[in-house]
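See below for the structure under consideration.
Here, each number is a calculation from the coordinates, and none is a lab measurement. Every value quoted in this text rests on a predicted model; they were computed, and no experiment measured them. Ideal geometry is used to build each Cβ from the backbone, glycine not excepted, and the neighbour counts take in all protein chains shown.
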Amino acid sequence: MFTKVLIANRGEIAVRIIRACRELGITSVAVYSDADRRALHVRLADEAVHIGPALAGESYLAGQKLIEAALAANAQAIHPGYGFLSENADFARDVQKAGLVFIGPSPDAMEAMGDKGQARSRMLAAGVPVVPGYQGLDDDSALERAAVQVGFPLLIKAVAGGGGKGMRVVRQPEELLEAAAAARREALHAFSDGRLIIERYIPHARHIEFQVLADQHGHIVHCFERECSLQRRHQKIVEETPSPYLTDALRAQMGMAAVAAARTVGYTNAGTVEFIVDPRTGDFYFLEMNTRLQVEHPVTEMTVGLDLVQWQLRIAAGETLSFNQADLTQRGHAIECRLYAEDPANNFLPATGPLLTFAEPSGPGVRLDSGYTSGDAVTIHYDPLIAKLIVWGEDRPAAMRRMSAALRETVLLGVTHNGQFLQDVLADSQFAAGDFYTTWVEERFGGWLPPNCGLPPEVLIAAALSQPLAVPVNSSEPDPYSPWRAANRYRLGQ
């Protein structure tokens, strides 16, 4: 096992990895930018290294700086978390060339699954169902010919895409070229790769993913599914397991397909195979593979009983999986809600500001993964995810009740966030019935507004009186302990 690991990330995932390292007796090395000098992951790590200014391209995305920091700290491995450089094959190769271990899959497997066109071809060869579509020459003429074969509506996707970037739904032929141009521009900006593929668009689809673990000795298992259909702008906001949609038979088929997908590219470590399910037919199709840990991994941990981050570390250190597929079972039901600094009433526009108060819920079956505490600030520089709230219950209704209670108990003051929106989603009858799909949030909550709960005047007055006036300090007073230097409104004789 490693003795020291550098964590090339920030926020809640860096905190999560630090805690896993601590339980395994591994020294953790955090990295931080100018904006994160007092961040929680910096305070919790055994060591911390400054890597540059707030701009991600000059700090968390600066691969050579991260490698140099790991070497200077005498770390043996780098854990990339998710986001940033976690799916960058060139960075993984540079880590290995420097004599360090990259805690994740091989660069070849990352490239095979990171290129959506190449991944489709590999899955077809492996017999894994793939959404009907087209991957090939993607100039305008080729796309127009392919669109006729695929049929409308269709989905244009960036080959190197993710998180909904470089993706457009095209419903009519006359929309195709304009949508393709917009997708190319977005893909070039986000991934420096403007290549596109086309897939048949499946309305009201379910988005269901399977967690896989693969060691370096040929053993691969899946840890069951996660239902990820509750999304906004193609990004997940609520995840759960087991899926309320899957039957046991369909679960078994999809699990076998996930293992086959991982095996065909020689995958190692933790990864997630994502599928689209057509509720009209019950057919499922390979969507993509995320060659990293997922944001929603805690719901799997809470139902299967594995620490996925610890297994990432153990697999990277050469250990063999101590269990096989028959040993894995699910117990109970888990739900995760992502608490974002954003405004659901304004198209989920990201928000910034201080966390004046952040009070976490507690109780049996409640877990909160966060990179923030009271007094921290959400800035413009990074993802607006504040925390992940995860609950476990004996069954889905129990988990839903526990999540609703935990959301109500969570106090986030000082920045606009989506807490109330999540409460309303959990309270919706269709969600309770398990009747939702990838565009459900847009269709069901498109005009959502927060409840009108204006504060009483007494509360506003008390809040105003509690804040000290901005009285300048009397810097001409030479005595640093003189009361005349203070700005606390102290007054002789009251």
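As a rough footprinting exposure proxy, the listed residues LEU137, LEU177, LEU287 were ranked by other beta carbons within 10 Å of their own, and the order from fewest upward is LEU137, LEU177, LEU287.
Among the listed pairs LYS65/LYS388; LYS157/LYS388; LYS165/LYS236; LYS4/LYS388; LYS116/LYS157, those whose Cα-Cα separation exceeds 19 Å are LYS65/LYS388; LYS157/LYS388; LYS4/LYS388.
Counting every other Cβ atom within 10 Å of each residue's Cβ, ASP36, ASP383, ASP283 order from fewest to most as ASP283, ASP383, ASP36. Extension gain, THR247 to ALA427, is 62.4 nm, computed as 0.36 nm per intervening residue step minus the present C-alpha separation.
Charged side chains reduced to their Cβ positions (Lys and Arg at +1, Asp and Glu at -1) give segment 187-320 a dipole of some 320 debye around its Cα centre.
Centre-to-centre, using Cα atoms only, segment 177-226 and segment 276-338 are separated by 17 Å.
The length gained by stretching the chain between ARG233 and ARG37 to full extension, at 0.36 nm per residue less their Cα-Cα distance, is 67.4 nm. Which shape class, rounded, prolate or oblate, goes with segment 102-242 when its Cα gyration tensor gives a ≥ b ≥ c as root eigenvalues, a/c under 1.5 marks rounded, and past that a/b bigger than b/c marks prolate? Prolate is the answer for segment 102-242, as a/c is 1.5 or above and a/b outweighs b/c. Among the trypsin sites (Lys or Arg not before Pro) in segment 315-376, those placed in a DSSP loop whose Cβ has at most 12 other Cβ atoms within 10 Å are ARG331.
Listed from fewest to most Cβ neighbours within 10 Å, the set HIS219, HIS41, HIS207 follows the order HIS219, HIS207, HIS41. In this label model, ARG171 and ASP139 are separated by 3.2 nm, measuring between points 7 Å along each Cα→Cβ vector. Label positions at GLN149 and ASP395, each projected 7 Å from the Cα along the C-beta direction, are separated by 4.9 nm. The distance separating the Cα centre of segment 409-439 from that of segment 230-244 comes to 11 Å. Estimated at 0.36 nm per residue, the fully extended path between ALA464 and ASN452 surpasses their Cα-Cα distance by 2.2 nm.
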